[in-house]
Every structure is written in C-alpha cells, then in structure tokens.
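Reviewing the structure listed below.
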Amino acid sequence: MRWYQDRLFPKLLDWATRPLYRDRQRLLQGARGRVLELGIGTGANLALYGDAVSEIHGLEPEAAMLALARRLPYPDGHFDTVVACLVFCTIPEPELAAREMHRVLAPGGRLLLLEHIASGRPRTFRWQRRVDPLWHHLACGCHLTRPTPDTLRDAGFDLSDTRVFRHRKLPGLMAELLQGSARRAD
C-alpha cells in the first residue's frame, strides 16, 4: 500500500482535482501576508498565490497533521491567512486541527476554504455513509462524511462569507463543497 500512497495516489489526486483548478486559483488570490497551507501535498497550489503573500508554510496530513492536531508549532495569531484545500476530509482529528487553525490565525486574518463535505441531501448522504469505509481506504484516509462547516463553527469561525454548493464537474458523492473565506468569530 505504501507504493500506492507514495507514488500513484498523488498523481491520481492531481488528476481528480483538475476540475477545481479555477476555484483554487480564485480562492488563493485572496491570500495575504504570512500563509499557512494545510495539506500542501504536491505543492499544486504554490503557483497560484499572488504577490500579496510574503511567505508560505505548509503542512501535510501524512505525519504533520498528527502533530497539528496536538499543537501547531507556531505562536498565537502568527498567520494572516490559513488555507485548507481538500484536506479536512483527511485530517485525523479535525476538531483539534480547526481549533489550532483558529489559534494561529491573526485577528482579522482569513481562513480560505475549498473542502468537499458531507452532503445536505439525505439520499446522497446515505450513499456517502455506505461508500465511506471503502473510499477511506482507497483515497488514503479521505472521508466523504465529514461535517466540516459544523467543525469550523464549533472552533470559533464565522462562515458567513462561505458558500455550500454542488460542483457540476465532480462526481456526486464528492460534489458538495464548502468554499470561501472564514474569519475568527471573536
């Protein structure tokens, strides 16, 4: 399985997320100052950041997200922008990670999001639950049923500048996305 995780899956993931390229491009133009990108993966987003970004720090779920869930190695309010692009489905302890993101985001900073989430449509959600155990294994830890908007709200984020929608170019079980900019609610 290591060969699949290390060699094949990253290429499959890059291919599968191509329909989201323009969405990622628009989202990341909103990044400013010091940026923390969760799930930096193959670095596919790096070329999409604009000139307003002064530095980028990246963490990846494989090993780093386990540490993230315990405590990010950054002081409170350290980042102007935190980016979460298709990573909350894989983070081992999403509630702890969300609280840490809130902690390291500066007051007035923004959390930029593009995440597939559990469907609000009962029939689709039932299928997501049925498929999730196999999907989790094949997609290297990804879950189809994560309630990411609730997780972020519970961690203290205001999601009023985000939207939930079905992306027409993605398969139905992963087509529901949370996209936009969240702020610290405090």
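Where a number appears in this text, it was derived from the coordinates with a stated rule and is not lab data. A quick note: this is a predicted structure, and the numbers were derived from the prediction, not measured. Because the Cβ atoms are built from the backbone with ideal geometry, glycine has one as well, and the counts that use them run over all protein chains shown.
Given the options 122, 92, 147, which has the most mean-square fluctuation in a GNM of the chain, springs set between C-alpha atoms less than 10 angstrom apart?
122
Rounded to the nearest 500, what is the chain's calculated 222 nm mean residue ellipticity when only DSSP H runs of at least 4 contribute -39500 (n - 2.57) each, over all residues?
The per-residue figure over the chain is -9000 deg cm²/dmol.
Quick check for me: using +1 on Lys/Arg Cβ and -1 on Asp/Glu Cβ, what's the dipole size of the chain about its Cα centre, in debye to the nearest 20?
With only Lys, Arg, Asp and Glu charged at Cβ, the dipole is about 780 debye.
If you count the DSSP beta bridges with both ends in the chain, what percent of them are antiparallel, to the nearest 5?
About 45 percent, rounded to the nearest 5.
In whole Å, what three semi-axes, largest first, describe the equivalent ellipsoid of segment 33-186 built from its Cα gyration tensor (square root of 5 times each eigenvalue)?
25, 16, 15
Using θ = phi - 60° and the Karplus form 6.51 cos²θ - 1.76 cosθ + 1.60, what ³J(HN,Hα) does each residue of segment 143-149 get, whole Hz, x for Gly and Pro?
3J(HN,Hα) across segment 143-149, in whole Hz: 10, 8, 10, 6, x, 4, x.
List the residues whose amide H sits under 5 Å from the amide H of residue 36, counting only those 5 or more places along or on another chain, with H placed 1.01 Å from N in the peptide plane.
Correct list: 57, 81, 82, 83.
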